[in-house]
Amino acid sequence: MDEHIFILGIESSCDDTSAAVIKDGVLLSNVTASQAVHEAYGGVVPELASRAHQQNIVPVVDQALKRAGVDKKQLSAIAFTRGPGLMGSLLVGVSFAKGFARSLNIPLIDVNHLQGHVMAHFISEGKEDEKMPPFPFLCLLVSGGNSQIIKVCGYNDMQIIGQTIDDAAGEAIDKCSKVMGLGYPGGPIIDRLARQGNPKAYSFSEPHIPGLDYSFSGLKTSFLYNLRKWVAEEPDFVENHKEDLAASLEYTIVDILMKKLRQAVKLTGITHVAVAGGVSANNGLRNAFHDHARRFGWTIYIPKFSYTTDNAAMIAITGYFKYKDKDFCSIDLPAFARG
């Protein structure tokens, strides 16, 4: 009897189809197929996304198993993203996971997409120097759809202590990039331009929200109105000042995020602080984390770039922990779009 635990993870919440294989908590493969089709539309088109997932899911899973050198008969369980995400996209991954698990007669494990992002910090590549956060730790989860501060007491014990009341940070960046005519997705474009600009060139209004909650819609509106005014005075304003605009926008967003995070550290007394989600790939945010580690003595945890965006490795590692607790789900559990 094979004593090893092999988990296949499947992630299909938005526009990336991903599959990963984990053996005893160590990652063997992580394969992702991205969809370029959405760039022309300036955003993810749900119908196109689900169609692309249908084309990608079988080859991606096949590649993940091949690269891991694992036969499907060795799998102990299949972990899949159940939500939140785009319903059409989720259904492709959920349906495939259910069918595959049933054909192999192995358990199914449902994973919350946001929990997966936090658990990306526990993906092991089997190296000696891997640094994982101890419980409890604080995690700033920032992505296109979510901005949250989470108190993490265990892989299955996470409490949201602050979150955005309107737009997410990534959403605000994408929308401002769109207004500037820079393209989609805006995150990497703004990040690249910001490195060459002056973060103090322009100031935008920052919201005053009580407690640990965030708001980004006011900043977005402030950016839009200011931009209109400047373009009216100087038609080529965006082209001539895009680096400074990007740097100032990034600086303001990072400032809003870090202020609340400092409050959370003060409130909880927890100084082990992690960042997760797509926006954690942002250079300005990473620099702010290093700066806070120096200034306030935080111990910080920043995931590898490949684990910041949607990936199946984070789903597989969450599945691994849930498997050890025999936390399985029934085959008739539906996907859910909103968290």
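The values are calculated or read from the model by the stated rules, or taken from the named source; none is laboratory data. In this text the structure is predicted, and so the values were computed from the model without any measurement. Methodologically, a virtual Cβ is constructed for each residue, glycine included, from the backbone with ideal geometry; neighbour enumeration extends over all protein chains shown. Just the protein is used for accessible areas: all its heavy atoms, side chains included, with ligands, DNA and RNA removed. Shrake-Rupley method; radii C 1.70, N 1.55, O 1.52, S 1.80 Å.
The figures follow:
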item	result
Percent of beta bridges antiparallel (DSSP, the chain, rounded to nearest 5)	60
Size of charge dipole - region 34-173 - debye, nearest 20, with Cβ of Lys, Arg +1 and Asp, Glu -1, no other charges	600
Three-way shape call for region 128-195 based on the alpha-carbon gyration tensor, with the a/c threshold at 1.5	oblate
For peptides 67-74, 134-141, sequence by mean Cβ density within 10 Å, most packed first	134-141, 67-74
Most positive-pole-ward Cα, GLY116, ALA232, ILE10, against dipole of the chain from beta carbon charges	GLY116
Spacing of the two label points (7 Å from each Cα toward its C-beta) at MET132 and LYS259, in nm	3.6
Within the chain, helix-based [θ] at 222 nm, where runs of 4 or more DSSP H residues each add -39,500 (n - 2.57), nearest 500	-14000 deg cm²/dmol
Net dipole in debye of region 139-217 [+1 Lys, Arg Cβ; -1 Asp, Glu Cβ; about Cα centre; nearest 20]	340
Sites GLU243 and ASP327, calculated FRET efficiency, Cβ-Cβ separation with R0 56 Å, nearest 0.05	0.70
With every protein chain in place, region 38-141: carbon and sulfur % of accessible area (1.4 Å)	51
Among 331-337, 121-127, 86-92, 269-275, the order from most to least packed when residues are scored by Cβ within 10 Å on average	86-92, 269-275, 121-127, 331-337
Extreme residue, positive dipole direction of region 253-339, given options ALA335, ASN311, TRP298 (C-beta unit charges)	TRP298
Potential lengthening between LEU267 and CYS153 on full extension [0.36 nm per residue; Cα-Cα distance subtracted]	39.5 nm
Å² of accessible area per residue within the chain, as computed with a 1.4 Å probe and no ligands counted	44
Computed FRET value (nearest 0.05) for PHE305 with GLU234, which takes r as the C-beta separation and R₀ as 35 Å	0.45
Chain lengthening between SER205 and ILE165 when straightened (0.36 nm per residue, less Cα-Cα)	12.7 nm
Largest to smallest principal axis extent of the C-alpha atoms in the chain, angstrom	72, 46, 33
Packing-based order for 244-257, 198-211, using average beta carbon neighbours within 10 Å, highest first	244-257, 198-211
Accessible-area composition of region 161-279, carbon plus sulfur, in percent [1.4 Å probe]	52
Dipole magnitude (debye, nearest 20) for region 273-339, charges at Cβ of Lys, Arg, Asp, Glu	260
